[in-house]
Every structure is written in C-alpha cells, then in structure tokens.
Amino acid sequence: MTTNFVFVLDSDKKPLTMCTAGLARKLLDSQKAAMFKWYPATIILKKSVVELPLAYLELRIDPGSRYTGFALVEIATETVIWAMELEHRGLLISESLIKRNSIRRARRSRKTRYRKYRQNRKKPSGWLPPSLQHRVLTTVTWVKRILKLAPIKSIAVERVKFDMQQLENPDIQGVEYQQGTLHGYTLREALLEHWGRKCAYCDTSNTPLEIEHIHPKSKGGSDRFSNLTLSCHKCNQEKSNMLIDEFLKHDPARLDNIKKHKKQSLRDAAAVNSTRNKLFNTVLNLNLPVSSGNGAATKMMRIKSNLPKAHFIDAGCVNASKQVTLKTFQPLQVKSNGHGNRRFVTVDKHGFPRKNYAPKQVRKDWKAGDIIKVRKKDGTSVLGRVLKAAKTLAFIPKGGKETTFHPKKTKPIHRSDGYRYSFTTIDSVNVNVNEVFP
Ligand SMILES: [Zn+2]
C-alpha cells in the first residue's frame, strides 16, 4: 500500500518523526500545525512537544550522471518512506561555458595586440569541471536541507559502481567478497558494462554471453579484469586456446579495437568514480556516520527485493542489509534550473550585442519562478508559477494559459530557489529476474 509521508518540525524547528499526509491534513485543519514548506512537504507544530523515542532514519544517496536518487529508510525494517530524484544540469553548464569561452576568445583576437600565453592556468588539486562540481554541490545542498527536516541518524552513499581494485586482485578478501557470489556478479556486471553487452568477436547481443580470456589461460593468461572479455558460446568454442592475434588475423580492425579497449579498462572507471569520491568526502564532513556501498551490490539487492529500476529505488537499496520494501511510489522530482544569468546585454554567436538590457519595473517582493496561489472570483484558488514579475504578475497555472494578476490577489507558496518541482508515480511492477541475468 502506498502512503505518503510529510516532514514534521517542532515549534522550535527541531525535526520530529515523519507523519502521514492524512494526519498532517488533520493537524492543519484543526490549526494545530501550519505549512512550513511545500517542497518538500513540511509542517510545523504550533506547540512544542516532547516526543520520545524518535523514529530515526537513514538517508541513502545514489549519485548518477543525470539523476541522483535520495531515499529515507527505516533501518530496522528496511522500508523506504520518503524519496526524491534530483535532476542535474551538467550538460547545460558545459554548453553555456563553451558559449562564453567562444565569445571571450573572439574578443581576445579582435583588434588587440598579440598577448603572450600566460602560464598561470594551473588547476588546483581536486579540481572538478564545473559541470561535475555542480552535481556534488547540488547533492550536498539537498542533503543539508533534508538533515534539517528529518531525524537522520546516518548516511549511506553509493561510492563506486564497480570496485575495480577488487576485480584486479581477486585474492583480496572483503566482507562482501567472502560470500563468493558477489565477486562473480560484480565481475560479470563490470564486463557487460565495459564491453557494451555484446560478443567481442561477432557483436551478437541477444544471446547468453560467456566470460572469455583474451590471452588464453592455458598459455599463462591471468584472471585479471584487464584480460577478460565477453563472447557468445560459438565464438568462445571457436577461439578455444588460440592467441588473439591468430584468431583475429583476418579482422585487424577488430583486433586493434579489442587491444585498445583492454588498455583503457581501468581508466574510464576511475573517471566515473571521481565525482562520487568527491561527494563522499564532502558528506563525511557533516558529523554523521557515513557508510559507502557499491553499485553492483545495490543492483543485486534491488533485484532480490523484486523492485523495478528507478533512481530513488536504487538509492533505497544502497548498503541495505536485507530485502527492501517501499511505502512510497511517488518520489519528489526536483530539477536543477539554475538562477538564470547576470548578463546585461544579449549577444549573438560572434559576441556582438543584439538586444539592450531594459529592466522594466522589476519588483523586489516577487521573482520569476515563485510558486503562488491565486484566489479566483468564484472563491476557488489555483496554484501556478510566476513567469514575469512586473507591475502585474504574469502567471501560468498548471497546464493552463498565461494570465496576469495583481500581486494583492496572490499568495506566495514557495519562493524561487533554482529548482522545479513535480511528482511522478511509478507502478510497482515485478521485474523478471531472468531478463536481468543473461
Ligand atoms: Zn560471438
């Protein structure tokens, strides 16, 4: 059964145990509480209460390149009671930086003397490109926001997708690796990802793939990740204990490709992990116990729990000790929108001014992006977003047409903070386990 939970604050803004949306509505109707925040839904009690014991939660995070999943989990029962998906704007940032760069570059060579290249452009250590740094910063912003709203005891972050060091040295024994099955599973998943889920010798993909030694084991080839690839049963049989140069002598292009791919086996994994490591190290400074999980274990736990693929569900399965159940199927969708730009003049692609900046009665109390409630003549009210804040507010209700209102007739619900909010509901469909394990 689906239940939606709401954050509850004490009258002095201390986080209390989360309550159901139904109870929150009762408290609001009887004037015992007031709305503190709409996104995420939070109520504040009007009297201070002593509530013991608090139902402590664990905040679990699954950082991804486009989306980062957040889940609040009751640890004892492994139940996800609140979830959120944060959409990043990494690509937009790099695009606008390229644009700015090209404009500045043009300016440098236009009617200026020759300037010698200055060698003071060294990046500090631990530097990340702005598009990646943005992922770390927005994620940490949301971790801090959630910490202020819910009683959280610990944080779990998915730190690595595949533990490459473990794959390279299969002799290392970790707690998870002593179970035996996970090592094979991690290895297989990492290989599928690295070799593009197809046979390395004939590109077939709709067939069970076998783990194949590039340099044959019988001729001294190792079990290390960098010596392994995937092939279909037929190719595996044909290659048998032949050397790769001999087996692919009629196809030099493929041979080159495999050799190149073999070399970069560890480098790309390190690049994927750099953002996650930075995030993990930043979260460590929040004075809470932090644990880390790996992606393969997360995926395995999600399949074991018979849950479909979604960013917030993956987050709920990070470092889970047993099968995970969901109480909510409706994660809060948060999209990073940014705060616009501070450019005074619009320029064309060559950097020439095209439009003058003309601020027209910009208001101090209202801002584009504010979510407001407008009372209509018939007594009903609608929610919507401010498009332009001038003398009258240009306002767009959900799914409706743009209209204007006098600010006196409107009430702010949620001030613009650089994010857009919405909800999606997923169906609790069962996953066919055979589909996932080829
Ligand atoms: Zn094949």
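Side notes on the structure shown:
- Selected residue (only one of LEU9, LEU27 is under 30 Å from ASN319 (Cα atoms), buried (at least 17 other Cβ atoms within 10 Å of the Cβ) and either of a type outside the set (Asp, Glu) or touching a residue at least 24 places away in the same chain (Cβ under 8 Å) (or both)): LEU9
- Of residues in the stretch 192-203 being surrounded by 14 or more Cβ atoms within 10 Å (Cβ to Cβ) and within 26 Å of GLY295 (Cα to Cα), the one nearest to the ligand (Cβ to nearest atom): CYS199
- Filter pass, ASP365 being acidic (Asp, Glu), more than 21 Å from ARG415 (Cα to Cα) and either at pLDDT 75 or above or surrounded by 10 or more Cβ atoms within 10 Å (Cβ to Cβ) (or both): no
- Looking across the stretch 216-237, just one residue is surrounded by fewer than 16 Cβ atoms within 10 Å (Cβ to Cβ) and within 18 Å of ARG254 (Cα to Cα), and that is LYS234.
- The residue that is surrounded by the fewest Cβ atoms within 10 Å (Cβ to Cβ), counting only those in the stretch 42-95 that are touching a Leu at 6+ places or on another chain (Cβ under 6 Å) and over 25 Å from THR298 (Cα atoms), is GLU51.
Let's see how each residue does on (1) under 25 Å from HIS339 (Cα atoms); (2) in a strand (DSSP E or B):
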{"residue": "PRO40", "(1), (2)": "yes, no"}
{"residue": "ILE44", "(1), (2)": "no, yes"}
{"residue": "SER48", "(1), (2)": "no, no"}
{"residue": "GLU58", "(1), (2)": "no, yes"}
{"residue": "VAL80", "(1), (2)": "no, yes"}
{"residue": "MET84", "(1), (2)": "yes, yes"}
{"residue": "SER96", "(1), (2)": "yes, no"}
{"residue": "LYS99", "(1), (2)": "yes, no"}
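The values are calculated or read from the model by the stated rules, or taken from the named source; none is laboratory data. Fair warning: this is a prediction, and the values are worked out from it, not measured in the lab. Counting neighbours? That spans all protein chains shown, and the Cβs are built from the backbone with ideal geometry, glycine included.
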